[in-house]
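**Q** Structure incoming, see below.
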Amino acid sequence: MHVILRLVVVLLAVPVLAFAAGEGGHAEGGMISVDKSLIVQVVNFLILLVILQRFLYKPLLAKMEERTAAIKKSLDEAQSARAEATRQQAENAEQLRRAYAEAQSIRDAALKEAAEEQRKLVETAQREAKSLVDNARAQTETDIRRARDELRREVSELATQVAEKLVRKSLRDEDHRRIVDDAVARIGR
């Protein structure tokens, strides 16, 4: 608006200066002759300025302000989107950290559970091994007792047979029985 006022002042000053240069309105070859056509041209120019100001300058300023507002809005939206992206990135990083922590706790729990299972399996294996050893020992003792009993019986029979043969050759029945009883009593001890 200030530019238009300055331009109007300059345009109005030109005819005044031209009139003063022409010395009272004589048209003697000055640069600008002041006559009715100059005034009409100035009036036409002023009307053109008013029309341009109203139909071109004001809409142009309105578009410029609208464009400035749109750019400012876009910048605000971009800054908001950047802030949202930063927040989302921080949230994703936190979720990832929590997921890693949860995975670590699951892994630790699985390792602890596996160690406990291994300890139980070792204890079970040790109990079974001890049971097998005890059973084998008991079976061995039973077998040894049975073998001893059978050996005593066989030795007793063998001794009886040997004694019988010896007694038949040299002893009587009474001596024979006494010798067998002594042998059986010694074997029984």
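The values are calculated or read from the model by the stated rules, or taken from the named source; none is laboratory data. Just so it is clear, the structure is predicted and the values come from calculations on it, not from any experiment. Methodologically, a virtual Cβ is constructed for each residue, glycine included, from the backbone with ideal geometry; neighbour enumeration extends over all protein chains shown. Heavy atoms of the whole protein, side chains included, go into the accessibility calculation; ligands, DNA and RNA do not. Shrake-Rupley method; radii C 1.70, N 1.55, O 1.52, S 1.80 Å.
**Q** Subtract the Cα-Cα distance of Glu164 and Ala83 from 0.36 nm times their separation in residues, and report this length gain in nm to one decimal.
**A** Details: separation 81, 0.36 × 81 = 29.16 nm, distance 11.84 nm.
My answer for the length gained is 17.3 nm.
**Q** Follow-up. I'd like the FRET efficiency for Asp175 and Thr140, computed as 1/(1 + (r/R0)^6) with the beta carbon distance as r and R0 of 35 Å, rounded to 0.05.
**A** The computed FRET efficiency comes out at 0.25.
**Q** With θ set to phi - 60° and the Karplus curve 6.51 cos²θ - 1.76 cosθ + 1.60, what are the ³J(HN,Hα) couplings of the range 69-76 in order, to the nearest whole Hz, using x for Gly and Pro?
**A** 5, 5, 5, 4, 4, 4, 5, 5
**Q** Multiply the residue gap between Ile47 and Ala185 by 0.36 nm, knock off their C-alpha separation, and tell me the result in nm, one decimal place. Write down the numbers at each step before the final one.
**A** Details: separation 138, 0.36 × 138 = 49.68 nm, distance 15.94 nm.
Full-extension gain reported as 33.7 nm.
**Q** Take the solvent-accessible surface of the protein heavy atoms, probe 1.4 Å, and return the percent of it on the range 41-154 that carbon and sulfur atoms account for.
**A** It is 59 percent, rounded to a whole number.
**Q** Highest first, please rank the peptides 48-61, 94-107 by the mean number of other Cβ atoms sitting within 10 Å of their residues.
**A** Numbers: 48-61: 12.0, 94-107: 10.0.
Descending packing order for the listed peptides: 48-61, 94-107.
**Q** From the phi of every residue in the range 112-118, what ³J(HN,Hα) in whole Hz does the Karplus formula 6.51 cos²θ - 1.76 cosθ + 1.60 yield, where θ is phi - 60° and glycine or proline is x?
**A** 5, 5, 5, 5, 5, 5, 5
**Q** Report, in debye and to the nearest 20, how large the dipole of the range 99-189 comes out about its Cα centre when Lys and Arg carry +1 and Asp and Glu carry -1 on their Cβ. Intermediate values should be presented prior to the final figure.
**A** Working: 20 positive and 20 negative charges, 127 e Å.
About 600 debye.
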